């Protein structure tokens with residue numbers, strides 16, 4: 001992808017070159033992401049990820065009810081020929097939305113636990129005898 005120039009490039013040529021380089025860079029990023037995803041799938045076929053939701057029902061009981069089961073996730077990433085690719089894509093998107101909702105719940109729980117930890121540390125610091133001086 002080279003653009004031959006006679007003399008000094010114009011602003012229009014420079015902008016065109018920049019667009020072409022950006023488009024090519026975007027394709028490289030996309031291909032790298034696809035290759036990494038494929039590598040992740042190959043690794044998962046030998047060493048599947050840990051099951052989700054093992055942190056305990058007392059923290060996020062409602063969120064865990066909506067969480068896809070390990071079996072659903074394993075089936076989704078298993079290498080097999082899909083007769084209906086559109087249906088497969090829809091199923092993957094549904095699983096992704098469910099995981100996204102669970103991740104949002106985890107983010108909120110993390111934020112809440114961080115806030116509780118900070119408040120406990122502040123209260124502990126204020127209760128120290130030397131902190132009142």
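Filtering the stretch 63-105 down to residues that are at pLDDT below 80 and either out of contact with any helix residue (DSSP H, G or I) (no Cβ under 6 Å at 6 or more places or on another chain) or not in a helix (DSSP H, G or I) (or both), which residue is nearest to residue 42 (Cα to Cα)?
Of everything passing the filter in the stretch 63-105, 79 is nearest to residue 42 (Cα to Cα).
Collect the residues in the stretch 63-73 that are in contact (Cβ under 8 Å) with a residue 24 or more places away in the chain and exposed (fewer than 15 other Cβ atoms within 10 Å of the Cβ), keeping them in residue-number order.
Once the filter is applied, which keeps residues that are in contact (Cβ under 8 Å) with a residue 24 or more places away in the chain and exposed (fewer than 15 other Cβ atoms within 10 Å of the Cβ), the stretch 63-73 yields only 66.
Quick one: count up the residues across the stretch 1-22 that are loosely packed, with under 11 Cβ neighbours inside 10 Å and at pLDDT 85 or above.
Number of matching residues: 3.
List every residue pair whose Cβ atoms lie under 6 Å apart, where the two residues are 6 or more positions apart in sequence or sit on different chains, the first residue falls within the stretch 1-17 and is within 21 Å of residue 28 (Cα to Cα), and the second residue, located anywhere, is at pLDDT 65 or above.
Going by the 6 Å Cβ cut-off, the qualifying pairs are 3/17.
Is there a residue being free of Cβ contacts under 8 Å to residues at least 40 places away in the same chain, under 20 Å from the mean Cα position of the chain (by Cα) and surrounded by fewer than 10 Cβ atoms within 10 Å (Cβ to Cβ) anywhere in the stretch 80-92?
no
Just give me the residues in the stretch 39-62 being over 17 Å from residue 99 (Cβ atoms) and either part of a helix (DSSP H, G or I) or at pLDDT 85 or above (or both), in sequence order.
Once the filter is applied, which keeps residues that are over 17 Å from residue 99 (Cβ atoms) and either part of a helix (DSSP H, G or I) or at pLDDT 85 or above (or both), the stretch 39-62 yields 39, 42, 43, 45, 46, 47, 61.
The values are calculated or read from the model by the stated rules, or taken from the named source; none is laboratory data. Fair warning: this is a prediction, and the values are worked out from it, not measured in the lab. Using ideal geometry, Cβ is built from the backbone for each residue, glycine included, and neighbour counts are taken over all protein chains shown.
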